[in-house]
């Protein structure tokens with residue numbers, strides 16, 4: 001099976017880092033991952049610099065990065081003001097972020113989910129006017145730090161509302177990493193039944209160590225698009241207890257070992273992860289970070305074998 005991976009370390013990964021990461025380092029992160037074969041990134045975020053200082057250089061990152069034309073650069077766009085900024089850049093896709101639950105919406109966006117939906121309507125209109133592609137991202141799709149397990153009916157309700165605005169693709173965010181495989185199955189099946197034309201992307205965190213099991217559940221339902229973060233860094237500043245995303249290295253290693261194709265170079269990813277560890281000045285959560293000694297490579301990466 002061909003699996004498409006969106007790399008979110010430049011945005012979701014770095015937004016929670018306390019120490020500033022320079023614009024040059026962010027550009028080097030993206031360009032290094034392009035060399036490993038990554039074709040789609042969440043490159044930055046047009047949120048208020050006061051709310052997320054790490055993303056204050058969004059325009060500079062997008063202007064400075066040197067990537068081939070077939071690489072898709074996404075930018076998180078939470079409202080019309082962010083969209084107006086993004087429209088002046090090379091970001092081809094806008095990730096329009098909102099929450100599935102009222103508690104997370106109030107903490108993250110200081111508004112109700114109804115208000116958040118209304119705010120996305122002019123963003124969608126501007127994306128159509130400027131030739132950009134708007135993609136929905138629904139945070140807390142499986143669990144909320146304030147309300148507990150997110151009911152499947154609630155996710156379906158929000159998906160219908162996003163479809164009615166005009167979205168044809170939705171990222172399902174396991175924002176605090178509490179999803180379990182049976183929940184992934186239930187939510188994907190419900191969405192496929194009620195909004196069958198909505199393309200689904202799974203955005204998983206690894207708080208309880210179940211991210212790869214959740215990937216397996218998603219793949220069993222035919223989901224072929226996933227988001228991950230180099231080194232397993234990440235987390236939501238407005239979701240207490242959230243840990244990092246599923247690590248790109250671990251995800252690719254798992255997929256290749258199971259005979260699936262990603263188009264990514266695992267050994268290059270491991271090397272880039274060690275570079276990122278040096279930049280951040282700490283060990284990273286990725287399992288392969290500890291399992292692969294410095295300078296070591298993964299022998300006979302199954303990505304090179306024929307898939308039956």
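Every read-out reported here was derived from the displayed coordinates using simple, explicitly stated rules and does not represent laboratory data. The shown structure was predicted, so the numbers you read here are calculated from the model rather than taken from an experiment. Glycine gets a Cβ as well: all are built from the backbone with ideal geometry, and neighbour counts include every protein chain shown.
Counting 0.36 nm for each residue step from residue 112 to residue 18 and taking away their Cα separation leaves a gain of 31.0 nm. Distance between the modelled labels on residue 199 and residue 157, one decimal in nanometres: 2.8 nm (7 Å Cα→Cβ projection).
Calculated mean residue ellipticity at 222 nm for the chain: -12000 deg cm²/dmol, from DSSP H runs with n ≥ 4 weighted as -39500 (n - 2.57), summed, divided by the residue count and rounded to 500. Shown here: the chain, whose C-alpha atoms stretch 51, 41, 35 Å along the first, second and third principal axes, sorted largest to smallest. Which shape class, rounded, prolate or oblate, goes with segment 124-194 when its Cα gyration tensor gives a ≥ b ≥ c as root eigenvalues, a/c under 1.5 marks rounded, and past that a/b bigger than b/c marks prolate? Prolate shape, in that a/c is at least 1.5 and a/b is the bigger ratio.
When you count the other C-beta atoms within 10 angstrom of each residue and take the mean per peptide, 186-192, 248-254 line up highest first as 248-254, 186-192.
Considering only beta bridges that DSSP places wholly inside segment 4-304, some 10 percent are antiparallel. Only Cα pairs under 8 Å and 6+ residues apart enter the sum, and on that basis the relative contact order of segment 1-99 stands at 27 percent. Take 144-154, 55-65 and order them by the average number of nearby Cβ atoms within 10 Å per residue, most first; the result is 55-65, 144-154. Largest GNM mean-square fluctuation among 229, 141, 48, using the chain with Cα springs under 10 Å: 48.
Restricting attention to segment 72-146, close to 0% of DSSP beta bridges with both partner residues there are antiparallel. Expressed as a whole number of Å, what is the distance separating the alpha-carbon centroids of segment 110-163 and segment 204-279? One Cα centre to the other: 23 Å. Fewest-first ordering of 287, 121 by other beta carbons within 10 Å of each residue's beta carbon gives 121, 287.
Taking the number of Cβ atoms within 10 Å of each Cβ as an exposure proxy, the fewest-first ranking of 205, 260 is 260, 205. When both segment 183-198 and segment 1-42 are represented by their alpha-carbon centers, they are found 29 Å apart. Taking other C-beta atoms within 10 angstrom as a stand-in for reagent exposure, 85, 160, 274 fall in the order 160, 85, 274, fewest first.
Residues considered: 106, 88, 183. Largest GNM mean-square fluctuation over the chain, using C-alpha springs under 10 Å, is found at 88.
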